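A.B. asks: Before I ask anything, let me first share the structure, which is written out below as structure tokens.
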Amino acid sequence: GAGYSLIIFTDRELNSLYPVLDTRNGTFLTNISLFFGFAIAKAVTLEFEPAVLFTSSSKSISTNTGVTHFSSNDTIAYSSNIGMFAIPLGINARFFPFFNMTKSFARLFFIGAGGGMIWVKEDYDNYYSDDPNLFIGGYYNYGGRSETTSQWAPMFRAMIGFTGTGGQFGFGGEIRYNIIPLKEEAHSPFRTRVATNFNSVDINLRFYFSL
């Protein structure tokens with residue numbers, strides 16, 4: 001099957017930089033997933049779920065990195081043309097506690113958990129300066145060096161939702177909470193190196209088919 005998710009980061013700075021909908025440029029924080037699953041018991045399913053997560057930000061940000069970069073005093077990074085790309089790879093298990101209530105909608109309800117790894121990459125154009133007044137009104141137009149950072153991180157999740165009524169085609173929905181600790185890097189201008197986590201609340205719509 002396939003799914004589409006609305007993702008809300010719980011870290012305040014990540015949520016501000018990468019909102020679900022960036023009203024300035026009309027872009028969405030997009031997460032598209034595929035999943036391949038099967039039943040391992042009457043009330044338990046197991047699935048493998050790769051996904052892609054990507055967005056860009058219309059915002060420009062400034063960061064006092066605390067260290068110099070290309071001259072004796074340029075400790076402030078002015079960042080623009082910001083983008084983020086991630087590949088989550090997860091294995092999920094779902095339990096249907098009311099599976100034997102065959103005539104009730106409750107049989108479609110599930111709780112679940114999963115884990116895996118995620119690769120997260122950010123791209124910024126960074127301009128380093130010692131002038132604290134370049135960043136005015138939230139915009140910055142001085143260009144800069146194209147720089148990137150990436151990392152692998154563990155991923156854990158809990159979920160609750162419902163699945164379709166059966167048949168060859170169906171749909172379902174769920175709410176997830178993802179726990180993703182990040183590797184911090186001192187003196188970095190990148191938000192995924194400053195934030196301690198990539199945690200999020202996801203609202204997922206899933207379409208599936210059976211063979």
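A.B. asks: At a 1.4 Å probe radius, carbon and sulfur cover how many percent of the accessible area of region 163-203? Display every interim value, and only then the final one.
C.D. replies: Details: 1200 of 1970 Å².
Solvent-exposed carbon and sulfur of region 163-203 make up 61 percent of the total.
A.B. asks: Right, next: Relative contact order for the chain: what percent, with Cα pairs under 8 Å and sequence separation of 6 or more?
C.D. replies: On the way: 555 pairs, mean separation 45.1, N = 211.
Relative contact order for the chain comes out at 21 percent.
A.B. asks: Same structure, new question: Under a cut-off of 27 Å between alpha-carbon atoms, report the lysines in cross-link reach of K103, not counting same-chain residues fewer than 8 places apart.
C.D. replies: K42
A.B. asks: Take the Cβ-Cβ distance between L134 and I175 as r, set R0 to 41 Å, and report the resulting FRET efficiency rounded to the nearest 0.05. Write down the numbers at each step before the final one.
C.D. replies: Details: r = 41 Å, r/R0 = 1.01.
The calculated FRET efficiency here is 0.50.
A.B. asks: Okay, next question. What number, in nm² with one decimal, is the all-direction average of the projected area of the convex hull of the alpha-carbon atoms of region 63-106? Mind showing how you got there, number by number?
C.D. replies: Numbers: hull surface 30.0 nm².
Mean orientational projected area (region 63-106, Cα hull): 7.5 nm².
A.B. asks: By the scheme Lys and Arg +1, Asp and Glu -1, what is the net charge of all other residues having a beta-carbon under 13 Å from that of A39?
C.D. replies: Details: positive: K42, R94; negative: E47.
Every neighbour counted, the sum reads +1.
A.B. asks: Related question: Summing -39500 (n - 2.57) over the DSSP H runs of n ≥ 4 in the chain and dividing by its residue number, what mean residue ellipticity at 222 nm do you reach, to the nearest 500 deg cm²/dmol? Don't jump to the answer; show the numbers that get you there.
C.D. replies: Values: 2 runs with 10 residues, N = 211.
After summing the helix terms and dividing by residue count, I get -1000 deg cm²/dmol.
A.B. asks: Tell me, Kirkwood radius of the chain from alpha-carbon pair distances, in Å? Mind showing how you got there, number by number?
C.D. replies: Values: mean 1/r = 0.0528 Å⁻¹.
18.9 Å is the Kirkwood radius here.
A.B. asks: If I take R0 = 45 Å and measure r between the Cβ atoms of M101 and N64 in this structure, what FRET efficiency does the formula 1/(1 + (r/R0)^6) give, to the nearest 0.05?
C.D. replies: Values: r = 58 Å, r/R0 = 1.30.
With R0 = 45 Å, the Cβ-Cβ based efficiency is 0.15.
The values are calculated or read from the model by the stated rules, or taken from the named source; none is laboratory data. Because the structure is predicted, anything quoted here is derived from the model rather than measured. Positions of Cβ are generated from backbone atoms using ideal geometry, with glycine treated the same way; all protein chains shown enter the neighbour counts. Surface areas here come from the heavy atoms of the whole protein model, side chains and all, with no ligands, DNA or RNA. Shrake-Rupley method; radii C 1.70, N 1.55, O 1.52, S 1.80 Å.
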